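For reference, the structure discussed in these notes is given below.
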C-alpha cells in the first residue's frame, strides 16, 4: 500500500545546481531573471547561489552580485550553499538570505576526498567546528545531509549501514553542540539510488529514527530520478530538492554524463497528478524551464516544458 | 507490497518508433546496422519497421529493403507494424518476420480520426475484417492493444470504463472469429499515464480479466515513463515495449514535444537493479544507444548511455 503525502515541500536548486556547471559567461542579470520568475511560481524555497571558491566553480564567481541584485518576494525563502567556514562568513553578511546551518557528512570517503580534499574525520571535525560557528552566530542547526547516500562512482555501492553510521555521527555532533536535527536529506549525489534502495534505506532510517523528517535529493544521471521520487512519495516522503528544467549536474561526479537534479516541473506534474499538493503553479514553472533553457543556451532534459501538462489541446 | 516479476520480456521498438519520425535521409544500411547490434544484446523481440504509406511516413519508405537486408539472428523474433490490409499484405510475404495478428482499438475516437481518418466503428469493422484475414492466412491472433488507454491530447482524460469497454469489444471480435486473446497492451500513446492511473487501470482489468497478460507501452513525453514502468513492475507486469536511446515520438500526437517510448537501456538498468531479470546485456545495449544517436545525428534522451551503469569508475 502506498502512503502518499497530502502535500510536499520542494526546494528549488536550479539556480545553484544549474549555473555552477555552466561556463562563467552567464550574466548575473539573467540569473536574477530566472530567480525572479521562480519566485512567482509558488515554490517555497529557492537556493540561489553558492559561496565557493570561484577558481573551482567559475559559474559561482558572481555569488555576491546575485544576492545584491536579488529582489526577495514575500513568502519565498532564499538560501545559498557553502562548503566551509569561509563560505559561511560570506553568506552571513547577506540579510536577504535565510541561513540554516546543516551538518553534512559523506557516506563515501572516496567522493569526499575528490570533492573536498579531506578525509572523513577531517570533514567531520570541520562540521563540528562549523556547527559551533552557526550556533554562535545565532543560526539554527536543525537539518543534516548525507552525501552519496546510495552509492558512489569511486567507491561503488554504499551499504545502508554506513549511512546509518553517518547519521549517528551527525546526531552526536548536533547533541554535543546542544542542538537537535529535525530533517535529514539523503543526497543521491551520483545517482546510484533505485526505487528498491530508496525503500530499504528509508525504512531502516525510520525504524531507527522515527522522528526524523526525510528529504530526497535525486540526480537523474541514469534516468531513475522520477521512479525514485515516486518510490519516495509512496513512502510518504514530503521533502524533495529539484531543479527547474533538470538544470545541473555535479562537477565532481567524475564523468561527463552526470545529470542534474530531478526536473522540478516534471516532478510537480507527477505529484499533482497523484493528488499530492505542491503549492506550485505548473504553467508558470514550465515558463521558467523555457527561460532557463534560453539562459543556458542549450537544451535541458525537462520533458513537461515540451510535452506540456495533461491538458486537452 | 510490491509484486515484482522475476523476469520481464521487452519488445524493442526503437528501429520502428525511432526511424518513423526521422527524416527519410537515414540510409537503410545504417538502420540494419542498429538492428544487427540490437540482435546481439539478448533482446527477444525487435520491431524493425512498419508497412505504412510512405507519403504519410517517409522514414518507413524503405521497409521492404530493411527486411531484404535483415540477417536474422537465431532466437530473436523480428516483427513489423502495419495499420491496414494493404500493409498486412506487404508483411505477409516477408518470411524473416514473425507475424502475429493483433486486434487494436483506440480508447480515443478523436485520436483515431486524426491518426487513421476513421471513426471508431469503421475502425472496429476493419479490425474484424483483418482478424479474419490473419486467421485465413494462418497467422495467429492472440494479442490485442488499446491506443490512448490513459488519455488523449485531443480528448483529455480517458475514463477507465471506456478502456474496459474497448477490451470487451476486442474480446468479442476475437471470439466471433474463433480465437482468443492472451495478451493485452495498454498503449500510452500520448503519455497521459501516471503511476496512479497505471495502478487503477491494471487493477480493474485484472479483476475483470484475470487470465489476460498485460503489456505496457509507455511514452515519455511528460517525463513519467520510468515512474509508470516502476508502478507496472510493482504490479507484476512482465511485458513492456521500449525504444533504445529513447528513440521515437509519435507523428500524430499533435505536438512537437511528443517523446519516444521509455528508453530501453535506462529501463533495463532499473529492472536489473530491482532484481528483475531482462535477459539483456546492458553494456551492449548502451553501445546500441550510442550507435542510434550516431545514426540519427542528434542527441537522444537516454541517460544510461551517458551516465553509465551502476559500476565503480
Scan segment A:225-249 and report the pairs whose first residue is more than 24 Å from residue A:21 (Cβ to Cβ) and within 9 Å of chain B (Cβ to nearest Cβ) and whose second residue is modelled with pLDDT of 95 or more and in a loop (DSSP other than H, G, I, E, B), with Cβ atoms within less than 7 Å and a gap of 6+ or a chain change. A:233/A:4; A:233/A:5; A:233/A:274; A:233/A:276; A:234/A:4
Exactly one condition in (1) crowded, with 24+ Cβ neighbours inside 10 Å; (2) away from chain A (no Cβ under 11 Å); (3) over 13 Å from the mean Cα position of the chain (by Cα); (4) within 27 Å of residue B:23 (Cα to Cα) is not met by residue B:287; state its number. (1)
Screening B:100, B:166, B:90, B:117 for residues that are within 19 Å of the chain's Cα centre (by Cα) and free of Cβ contacts under 8 Å to residues at least 60 places away in the same chain leaves only B:100
Would you pick out the residues in segment B:65-82 that are out of contact with any strand residue (DSSP E or B) (no Cβ under 8 Å at 6 or more places or on another chain) and either farther than 22 Å from residue B:138 by Cα or surrounded by 14 or more Cβ atoms within 10 Å (Cβ to Cβ) (or both)? B:65, B:68, B:69, B:71, B:73, B:74
Taking the conditions exactly as written (over 29 Å from residue B:277 (Cβ atoms) and in contact (Cβ under 8 Å) with a residue 12 or more places away in the chain), does residue B:28 satisfy them or not? yes
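For (1) on the phi > 0 side of the Ramachandran plot; (2) within 11 Å of chain B (Cβ to nearest Cβ); (3) under 21 Å from the mean Cα position of the chain (by Cα); (4) crowded, with 20+ Cβ neighbours inside 10 Å, each residue gets a yes or a no:
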site: A:270; (1), (2), (3), (4): no, yes, yes, yes
site: A:276; (1), (2), (3), (4): no, yes, yes, no
site: A:291; (1), (2), (3), (4): no, no, yes, no
site: A:300; (1), (2), (3), (4): no, no, yes, yes
site: A:304; (1), (2), (3), (4): no, yes, yes, yes
So residue A:198, is it more than 15 Å from the chain's Cα centre (by Cα), part of a helix (DSSP H, G or I), buried (at least 24 other Cβ atoms within 10 Å of the Cβ) and not assigned by TED's automatic domain parsing to the domain that holds residue A:2: yes
Which condition does residue B:140 not pass, out of (1) surrounded by fewer than 19 Cβ atoms within 10 Å (Cβ to Cβ); (2) farther than 28 Å from residue B:32 by Cβ; (3) touching a strand residue (DSSP E or B) at 6+ places or on another chain (Cβ under 7 Å), if it passes all the others? (2)
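The values are calculated or read from the model by the stated rules, or taken from the named source; none is laboratory data. All values derive from a computational prediction rather than experimental measurement. Neighbour counts are summed over all protein chains in view; Cβ atoms, including those assigned to glycine, are modelled from backbone coordinates with ideal geometry.
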